[in-house]
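Engineer: Here you go, one structure.
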Amino acid sequence: MLVQQEEQTSRLRRAFHACEEQQRGHVALVTGAVGSGKTSLLEAFSEWAAATGGQVMSAAGSRAERGLHLGVIGQLFHSARLAPDAAARVERLLGDAALATSLPEPGGEAVEGDRAWAPLLHGLFATLLDLTGTGPLVLVVDDVHHADPASLHCLLYVTRRLRHARIMVVLAEASTLRPPHPLFRAELLSQPHFARITLTPLTVDAVTRLVGGEAETPEARETAERCVDMTGGNPLLTRALLEDGAGGGTADGCDQAVGDAFDQAVLGCLYRHEPGVRRVAQALAVLDRPAPTELLGHLLDVAPESTAPAVRVLRTSGLMVADRLRHPRIMHSILGDMSPDERRALHQRAAEVLHDHGAEPSVVAEHLVAAGWADAPWVVPVLQDAAGHALASGRPDVAAACLRLVSRVCVDERQRAATTEMLVSARWQVNPLAVNGQLGELVEAARAAGWAGDVGLSAVPYLLWQGRVEEATEAVGGFSAEDEHGPGGAGARLRMMQLLVALSHPDHLPAVRETPTTWSRAASAPTGVSPLLQAVTVLHTALTPAAENDTVATAEQLLQRHHTDDGSLGLLTAPLLALLWAGRSDRAAAWGDVLLDRAATRHAPVWRAVIRAIRAEAALRVGDLPGAEHHARTALEEIPAPAWGVAVAGPLATLIACATESVRLSEADRWLAHPVPPGIFRTPLGLHYLAARARHHLAVRRPHAAITDLRRCGELMRAWGIDAAGLVPWRLELARVQLSVGNKTQATQLLQEQLRVPHGVDDRTRGRTLRLLATTAAPDHRRKLLSEAVSLLQSSGDRLELVRALGDTGQTLQRAGDSARARLLVRRAYQLAQDCGASVLAQRLIRREPGTGLPAYPTAVEMQEPDDGLSDAERRVAALAAQGHTNRQISSKLFITVSTVEQHLTRVYRKLDVKRRTDLPSRLVAYAEGLAEETQGAAS
């Protein structure tokens, strides 16, 4: 049986049996929407009737053959197995009918011409009666609403005489705008042995059977629910959807799995209806929103009430629900069938009608853009309003489309300036490389006006992004003191731009810095202060920490208050960066994930990339190397490196640091080879880049280059007055380099100075500092420093630095004779290192686990093992030799012969390319002391 047609099939079979057993005819009218399965039901019943002993004659009406005289009756008799004499008689009758006078509407009043038709009708009915001698006769006519009038007269003649004839008439009709032959239908429904059989849409249970057969699994039912949501239960659409294999797709949007079969099924439904139905469907597809009949009528330039039947037909066919098309993919199919000119014309008409009906500018603008039409006087204000709303809603792509259309129209200078200003903002959020032309126009207009206007201020962020700080400074310098402290939003906007210039290029900071309390009030004020000013101000407090400012709390308040606001991504990057620079990388990572999950990030690639870059650096600082690399790489993929301007220093610095930490030094070299604008070293992000490059210098044994970068970093930070460890702890990094070259005294001074920086040392920096300081301390004090370092690093969330602190603690416990606890700590550190993606660090830990006679961790330095090819035995000999021990002393400490020491040193000289013993210290500063101390412990 056909799915969900068991009841209808049973009714037809019962009627057939009654016709056979009771010698009484029957009429059945099968009704349903296009695609509801009427033809399948008729075919299945016809096959069953023929197999049961009946004779079946079938025909189908067609819109193309409505004018073919007796076309349907001819099909019926041609499908019958008539004897030659009966066939000849029918041919004569049909031939005579071709010459007869046309009949009126089927079912209407009799006219003079009826007498001419009487012999034909009687002869045809007599022929049908002759065919019932061997069993019931079944006349099946599909799409009877397309039948020609003469055939309908014949069918009515037969149905009136079925009371004592074994003839069953089964007709099928689809929903139409209006019944084509209302009198025929009315008389048909009045017959005594008449049954109306309606085919309803498929239910979820029925589709579940189609999907999963007899096994009703949860997966099959879930797929069925999605299918019914998308097709309304229309069998034609449902089968096409399942044929495309898209039943498992999502129920919203244009699922990529939906293919040609579904599109053709949608169009098949439409083309089997009248053109008026198809036209209404096209209007609904172009509108893409609920549309009452009044709006549809105006759009199609017809009487509004005339669209109601088409809407009813579309609903019954499953293509429409409520006042709109059921699914975006149905809309996609209909639009794809329209020519570009048809679509443009309908979009233009939609824009005009919607504007007349008082629709929102964004709704009207959508159609104006689709039509590419801006010739009416009212169009430009609508497009500008829509663009402003789109920018505020986080849709810069939509705003850019509206503004590009405005730019083609002749407007006055004021309108052109406003359009250019918004277009720069919109296009920059999609691709910063695309704004150069319009940004040049803004700068020229502002310069011509002496920089004293909103146009100049609007250009400031984009000039800073490109590193054009002098022009940005001109823009904010063109205002008087009265303007700066003026009322309303103008003064706040000016102060915000002044601070933005200063924070992005801190060499300008002294010129615009106000008292800290003023900025603090602006950052924490819940109302009455521009959110943008608050956001930039909280970034200022992160770079210039003070006791009265709680940067972390204020930044999180801003994020909590605005993270759900449309179009707020640009605003929120400042507090997100403030969390990072205030030392709360864990909170920056959490908020970064929240913002990246926002739907608005899909439409603003630049802000999405910026948030990813901050998220990448936060991941690096909590020891998540794979996450940091993923986010930084993705940031550079979403907008290419040339489009980043001076901000490219951010993601590049993170990638350099990730590659260095993972001991992929060649990859770090490739990232360092990326060209960067010279202006990056005037920005705070340039400090990140300097610190990452310095760490790489140290890793490849160029300590002097590392010292140069870090000293430059410190000089800039002190000169700018932003000596915040959360930005770059340059003293800590410089101390690492000094330790690597054996300069303990200077390293200790730098570390102690780092701890004394007022309000500028967060828990992570303090923990890292104490861990390094422990390497310079006496054994009895080392454990205390390491314990505090471990506690601080745990609370800060930096797992990678915690690994190092645990490794150092394990080594210290080993030296104190507590091997069991030492082994537990190192193994914990090993697992953490694996979780962080630091496999090289993890392997180094396990290879040097306490109790094996090897160091638990290279305490003085956090660089990778040099890729010098030395074996562990050669490295231990070289380390002791570098500290000045003789060959005999080395043999005694390591319990090997003097000859073995000499052999090891010969290979060491060759591998390290050194000529004499005195050259060893400079090549082994990375690990000489740690190895020597451990060998001493092992010997004792």
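Engineer: Tell me whether region 427-438 contains one or more residues that are closer than 27 Å to ASP375 by Cβ, free of Cβ contacts under 8 Å to residues at least 24 places away in the same chain, crowded, with 18+ Cβ neighbours inside 10 Å and in contact with a helix residue (DSSP H, G or I) (Cβ under 8 Å, 6 or more places away or on another chain).
Structural biologist: There is at least one residue in region 427-438 that is closer than 27 Å to ASP375 by Cβ, free of Cβ contacts under 8 Å to residues at least 24 places away in the same chain, crowded, with 18+ Cβ neighbours inside 10 Å and in contact with a helix residue (DSSP H, G or I) (Cβ under 8 Å, 6 or more places away or on another chain).
Engineer: Restricting the search to region 397-456, which residues are closer than 21 Å to ARG495 by Cα and more than 33 Å from the chain's Cα centre (by Cα)?
Structural biologist: Of region 397-456, the ones closer than 21 Å to ARG495 by Cα are 421-422, 425, 442-443, 446-447, 449-456.
VAL443, ALA446, ARG447, ALA449, GLY450, TRP451, ALA452, GLY453, ASP454, VAL455, GLY456 - these are the residues of region 397-456 that are closer than 21 Å to ARG495 by Cα and more than 33 Å from the chain's Cα centre (by Cα).
Engineer: Moving on. Can you tell me how many residues in region 348-365 are assigned to a helix (DSSP H, G or I) and out of contact with any Phe, Trp or Tyr (no Cβ under 8 Å at 6 or more places or on another chain)?
Structural biologist: So the count comes out to 11.
Engineer: How do the pairs read when you match residues in region 825-847 that are within 12 Å of VAL663 (Cβ to Cβ) with residues anywhere that are of a type in the set (Gly, Ala, Ser), using Cβ under 6 Å and keeping only pairs 6 or more apart or on different chains?
Structural biologist: LEU841/ALA833; ALA842/ALA833
Engineer: Just to be sure, is ALA829 at pLDDT 85 or above and small (Gly, Ala, Ser)?
Structural biologist: So ALA829 fits the description; yes.
Engineer: Follow-up question, since we're still on this one. Can you find a residue in region 691-705 that is at negative phi, surrounded by fewer than 19 Cβ atoms within 10 Å (Cβ to Cβ) and not aliphatic (A, V, I, L, M)?
Structural biologist: Checked against the condition, which is being at negative phi, surrounded by fewer than 19 Cβ atoms within 10 Å (Cβ to Cβ) and not aliphatic (A, V, I, L, M), region 691-705 yields at least one hit.
Engineer: Look through TRP451, TRP428 and report the one residue that is at pLDDT 90 or above and either among the aromatic types (Phe, Trp, Tyr) or over 28 Å from LEU685 (Cβ atoms) (or both). Spell out how you get there, then give the answer.
Structural biologist: Values: TRP451 fails: at pLDDT 90 or above.
On inspection, the qualifying residue turns out to be TRP428.
Engineer: From the list ALA370, ALA350, which residue is crowded, with 21+ Cβ neighbours inside 10 Å and of a type outside the set (S, T, N, Q)?
Structural biologist: ALA350
Engineer: Tally time: how many residues in region 124-153 are more than 25 Å from GLU274 (Cβ to Cβ) and in a helix (DSSP H, G or I)?
Structural biologist: Summing the residues that are more than 25 Å from GLU274 (Cβ to Cβ) and in a helix (DSSP H, G or I) in region 124-153 gives 10.
Engineer: Could you tell me whether region 209-229 includes any residue that is among the hydroxyl-bearing types (Ser, Thr, Tyr) and modelled with pLDDT of 90 or more?
Structural biologist: no
Engineer: While we're here: Looking at region 182-199 only, could you name the residues that are in contact with a Leu (Cβ under 8 Å, 6 or more places away or on another chain), part of a helix (DSSP H, G or I) and under 15 Å from ALA28 (Cβ atoms)?
Structural biologist: If the condition is that a residue be in contact with a Leu (Cβ under 8 Å, 6 or more places away or on another chain), part of a helix (DSSP H, G or I) and under 15 Å from ALA28 (Cβ atoms), then LEU188, LEU189 are the ones that fit.
Engineer: Let me ask another. I'd like to check something: does region 298-313 contain any residue that is under 28 Å from ALA400 (Cβ atoms), touching a Leu at 6+ places or on another chain (Cβ under 8 Å) and touching a residue at least 40 places away in the same chain (Cβ under 8 Å)? Let's see the steps before the verdict.
Structural biologist: Going through region 298-313, the residues under 28 Å from ALA400 (Cβ atoms) turn out to be 299.
Narrowing the set further to residues that are touching a Leu at 6+ places or on another chain (Cβ under 8 Å) leaves 299.
Next, only the ones that are touching a residue at least 40 places away in the same chain (Cβ under 8 Å) stay: 299.
Looking for residues that are under 28 Å from ALA400 (Cβ atoms), touching a Leu at 6+ places or on another chain (Cβ under 8 Å) and touching a residue at least 40 places away in the same chain (Cβ under 8 Å), one finds at least one in region 298-313, hence yes.
Engineer: Inside region 790-844, can you point out the residues that are under 45 Å from the mean Cα position of the chain (by Cα) and among the charged types (D, E, K, R)?
Structural biologist: ASP798, ARG799, GLU801, ARG804, ASP808, ARG827, ARG828, ASP835, ARG844
Engineer: State yes or no: is ILE707 within 33 Å of the chain's Cα centre (by Cα), among the hydrophobic types (A, V, I, L, M, F, W, C) and assigned to a helix (DSSP H, G or I)?
Structural biologist: Spelling it out, it is not the case that ILE707 is within 33 Å of the chain's Cα centre (by Cα), among the hydrophobic types (A, V, I, L, M, F, W, C) and assigned to a helix (DSSP H, G or I).
Engineer: Then there's this: Hey, can you tell me all the residues within region 24-41 that are touching a helix residue (DSSP H, G or I) at 6+ places or on another chain (Cβ under 9 Å) and not in a strand (DSSP E or B)?
Structural biologist: Result: ARG24, GLY25, ALA33, VAL34, GLY35, SER36, GLY37, SER40, LEU41.
Engineer: Taking region 621-635 as the region of interest, how many residues are in contact with a Leu (Cβ under 8 Å, 6 or more places away or on another chain), within 20 Å of ALA604 (Cβ to Cβ) and not small (Gly, Ala, Ser)?
Structural biologist: Result for region 621-635: 1.
Engineer: Working carefully through the options ASP723, ASP669, find the one that is without any contact (Cβ under 8 Å) to a residue 60 or more places away in the chain and in a loop (DSSP other than H, G, I, E, B).
Structural biologist: Going through ASP723, ASP669 in turn, just one is without any contact (Cβ under 8 Å) to a residue 60 or more places away in the chain and in a loop (DSSP other than H, G, I, E, B): ASP723.
Engineer: Another question, then. Suppose the filter is farther than 25 Å from LEU576 by Cα, among the basic types (Lys, Arg) and in contact with a helix residue (DSSP H, G or I) (Cβ under 9 Å, 6 or more places away or on another chain); does ARG711 pass it?
Structural biologist: For ARG711, the condition - farther than 25 Å from LEU576 by Cα, among the basic types (Lys, Arg) and in contact with a helix residue (DSSP H, G or I) (Cβ under 9 Å, 6 or more places away or on another chain) - is met.
Engineer: Go through ASP375, ASP412, ASP397 for me and flag whichever is out of contact with any Cys (no Cβ under 9 Å at 6 or more places or on another chain), surrounded by fewer than 24 Cβ atoms within 10 Å (Cβ to Cβ), more than 22 Å from LEU295 (Cα to Cα) and touching a residue at least 40 places away in the same chain (Cβ under 8 Å).
Structural biologist: Values: ASP375 fails: touching a residue at least 40 places away in the same chain (Cβ under 8 Å); ASP412 fails: touching a residue at least 40 places away in the same chain (Cβ under 8 Å).
The conditions single out ASP397.
Engineer: Is it true that LEU202 is assigned to a loop (DSSP other than H, G, I, E, B) and surrounded by 16 or more Cβ atoms within 10 Å (Cβ to Cβ)?
Structural biologist: Yes, satisfied.
Engineer: Hey, another quick one. Looking at the structure I just gave you, is ASP867 acidic (Asp, Glu) and modelled with pLDDT of 85 or more?
Structural biologist: no
Engineer: Kindly indicate which of LEU755, LEU751, LEU773, LEU698 is over 28 Å from LEU509 (Cβ atoms), over 43 Å from the mean Cα position of the chain (by Cα) and assigned to a helix (DSSP H, G or I).
Structural biologist: Exactly one residue qualifies, and that residue is LEU773.
The values are calculated or read from the model by the stated rules, or taken from the named source; none is laboratory data. On a predicted model such as this, the values are computed, not experimentally measured, just so you know. When we count neighbours, we look across all protein chains shown, and the Cβ atoms used for this are built from the backbone with ideal geometry, even at glycine.
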